[in-house]
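Trainee: This is the structure I want to talk about, given as structure tokens.
The values are calculated or read from the model by the stated rules, or taken from the named source; none is laboratory data. Given the structure is predicted, the values throughout are model-derived calculations rather than measurements. Don't worry about glycine lacking a Cβ; one is built from the backbone with ideal geometry, like all the others, and counts go over all protein chains shown. Heads up: the accessible areas ignore ligands, DNA and RNA and are worked out on the full protein's heavy atoms, side chains in. Shrake-Rupley method; radii C 1.70, N 1.55, O 1.52, S 1.80 Å.
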Amino acid sequence: MSETEQDRITEVRFLARQVNLPIPEACLPGVQANLALLRTHVDLVESVSLPDDCTPAYVFTP
């Protein structure tokens, strides 16, 4: 396991302790992978620029 992976696992442990969430050791790599995926989604959402006067869509229509 590379050092960056270990750092990320350590971060997951830290975040879990902050909300008193027990995560089994065997699940830590999966939780870390999902956290990384969610962060890429956050980056995508935050990259969209909306004007201040944009009307919210109260109903979603696919």
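Trainee: For region 1-36, name all the residues that are open to solvent by 90 Å² or more (accessible area, probe 1.4 Å), part of a helix (DSSP H, G or I) and either of a type in the set (A, V, I, L, M, F, W, C) or touching a Pro at 6+ places or on another chain (Cβ under 8 Å) (or both).
Mentor: If the condition is that a residue be open to solvent by 90 Å² or more (accessible area, probe 1.4 Å), part of a helix (DSSP H, G or I) and either of a type in the set (A, V, I, L, M, F, W, C) or touching a Pro at 6+ places or on another chain (Cβ under 8 Å) (or both), then F14, A26 are the ones that fit.
Trainee: List every residue pair whose Cβ atoms lie under 6 Å apart, where the two residues are 6 or more positions apart in sequence or sit on different chains, the first residue falls within region 18-42 and is farther than 14 Å from T4 by Cβ, and the second residue, located anywhere, is part of a helix (DSSP H, G or I) and open to solvent by less than 70 Å² (accessible area, probe 1.4 Å).
Mentor: The qualifying pairs are I23/A16; I23/V31; L28/I9; L28/V12; V31/V12.
Trainee: Is it the case, given these coordinates, that D52 is on the phi < 0 side of the Ramachandran plot and either of a type in the set (F, W, Y) or in a loop (DSSP other than H, G, I, E, B) (or both)?
Mentor: Values: on the phi < 0 side of the Ramachandran plot: yes; either of a type in the set (F, W, Y) or in a loop (DSSP other than H, G, I, E, B) (or both): yes.
In short, yes.
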